[in-house]
Amino acid sequence: MFFDRAERGPQYGVNKTRTQAMPESPRMVPLYIARIVDLRVGQSVSIRCRACGHVAELAAIHLRERLPRDAFVKHLGPQFRYQLCGHKGAEVDARRALGHYG
Ligand SMILES: [Zn+2]
């Protein structure tokens, strides 16, 4: 796991060409029904610690390999523990991995 700042803004087009390798839904998936299987391989999910505000970027493939395919993305936050401060509970931003930004 590595940490990154979330404020850099969108990186237009960088990841668009290498997400087609696996069969996935091309449509945008609303967050309230999104499951692990809906996360796009090649994209990442932002996870922000509720205590210290650190942001981690986790690759979607990383989550797909470790979590049940039918687990709801919106339920993931409380399960994350940030190693450096030990706080359990995070905000999960999976919009990019769900295709919300094209
Ligand atoms: Zn923290």
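Of note:
- Members of the stretch 47-89 that are within 16 Å of the ligand (Cβ to nearest atom) and in a helix (DSSP H, G or I): GLY77, PRO78, GLN79
Results for (1) under 14 Å from TYR32 (Cα atoms); (2) in contact with a strand residue (DSSP E or B) (Cβ under 6 Å, 6 or more places away or on another chain), shown as yes or no for each residue.
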position: HIS62; (1), (2): no, no
position: ASP70; (1), (2): yes, yes
position: VAL73; (1), (2): yes, no
position: GLY77; (1), (2): yes, yes
position: ALA90; (1), (2): no, yes
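- Contact map, the stretch 73-102: first residue in contact (Cβ under 8 Å) with a residue 40 or more places away in the chain, second residue aromatic (Phe, Trp, Tyr), Cβ cut-off under 6 Å, separation 6 or more or different chains; pairs are ALA90/PHE80.
- Residue match in the stretch 23-46 (condition: modelled with pLDDT of 95 or more, within 14 Å of the chain's Cα centre (by Cα), within 16 Å of the ligand (Cβ to nearest atom) and not aromatic (Phe, Trp, Tyr)): yes
- Positions within the stretch 32-48 being buried (at least 18 other Cβ atoms within 10 Å of the Cβ), touching a residue at least 40 places away in the same chain (Cβ under 8 Å) and closer than 16 Å to ALA71 by Cα, in sequence order: ALA34, ASP38, LEU39, ARG40, VAL45
The values are calculated or read from the model by the stated rules, or taken from the named source; none is laboratory data. This is a predicted model, so every value here is computed, not measured. Using ideal geometry, Cβ is built from the backbone for each residue, glycine included, and neighbour counts are taken over all protein chains shown.
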